[in-house]
């Protein structure tokens with residue numbers, strides 16, 4: 001919906017994509033760390049998941065928008081507006097852009113930034129927490145809620161998902177070995 005030149009659908013897609021990109025990518029990192037597997041596994045699973053899930057989210061956003069517009073067209077008449085692909089593209093870009101942050105500590109050695117192996121997971125936790133808080137806080141640019149409340153809300157939700165992934169990775173690793 002457009003209001004004063006602002007597309008709230010694109011805003012929703014950006015927040016949804018960034019939030020899910022951060023949380024699901026970190027869930028892979030946390031699950032692998034909980035299982036005690038190496039950095040290479042984090043990168044293989046993290047990047048593969050990030051790209052595949054980003055595409056899935058983009059297609060889902062597009063199909064959801066298209067379904068909503070088709071429903072409105074059938075109910076109210078008129079043509080389906082063009083440009084429905086924009087929300088999917090915004091979802092994908094936000095997902096991959098934000099989803100890269102939890103992987104940065106694991107990518108560090110490949111770009112010449114020394115980071116001790118035992119510090120990668122801790123640094124990923126900090127990067128993820130900072131990203132969640134920042135994306136949540138940025139919502140305050142458009143909605144009238146204090147920035148710190150929005151930041152803490154997104155951080156709290158993401159933390160629950162991350163803790164669940166870590167514990168599950170640890171439990172599954174113990175069950176399998």
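Annotations for the structure displayed:
- Volume of the Cα convex hull of the chain, divided per residue and given in Å³: 139
- Cβ-Cβ FRET estimate between residue 76 and residue 11, R0 fixed at 25 Å, reported to 0.05: 0.60
- Each Cα pair under 8 Å and six or more residues apart adds its sequence gap; the mean of these over the residue count of segment 2-176 is a relative contact order of 35 percent.
- Among 26-36, 112-122, 129-139, the order from most to least packed when residues are scored by Cβ within 10 Å on average: 26-36, 129-139, 112-122
- Packing-based exposure ordering (other Cβ within 10 Å, fewest first) of 8, 124: 8, 124
- To the nearest ten degrees, helix 147-176 and the longest principal axis of the Cα atoms of the chain are 50 degrees apart.
- The mean sequence separation of alpha-carbon pairs under 8 Å and at least six residues apart, normalised by the residue count of segment 85-165, gives a relative contact order of 21 percent.
- Temperature 20 °C, viscosity 1.002 mPa s: under these conditions the Stokes-Einstein estimate for segment 24-91, based on its Kirkwood radius over C-alpha pairs, is 152 µm² per second.
- Calculated mean residue ellipticity, 222 nm, the chain: -27000 deg cm²/dmol, from DSSP H runs (n ≥ 4) at -39500 (n - 2.57) each, averaged per residue and rounded to 500.
- The calculated pair-distance distribution of segment 77-121 uses every alpha carbon pair, bins of 10 angstrom beginning at 0, and gives 23, 28, 20, 14, 9, 5, 0 percent.
- Helix axis angle, 117-138 relative to the chain longest principal axis, alpha carbon, degrees: 20
- Value of relative contact order over segment 22-94, rounded to a whole percent, pairs C-alpha under 8 Å and six or more apart: 31
- Springs join every pair of Cα atoms under 10 Å in this Gaussian network model of the chain, and among 15, 96, 160 the largest mean-square fluctuation is at 160.
- Ranked by the mean number of other Cβ atoms within 10 Å per residue, highest first, peptides 140-150, 82-92 order as 82-92, 140-150.
- Inter-site label distance for residue 37 and residue 119 at 7 Å from Cα along Cβ, in nm: 2.6
- Relative to the longest principal axis of the Cα atoms of the chain, the long axis of helix 39-76 makes an angle of roughly 10 degrees.
Read-outs: derived from the displayed coordinates by stated rules, not from any lab. As the structure is a computational prediction, the values presented were derived from the model and not from experiment. Cβ coordinates were reconstructed from backbone atoms using ideal geometry, including for glycine residues, and neighbour counts include every protein chain displayed.
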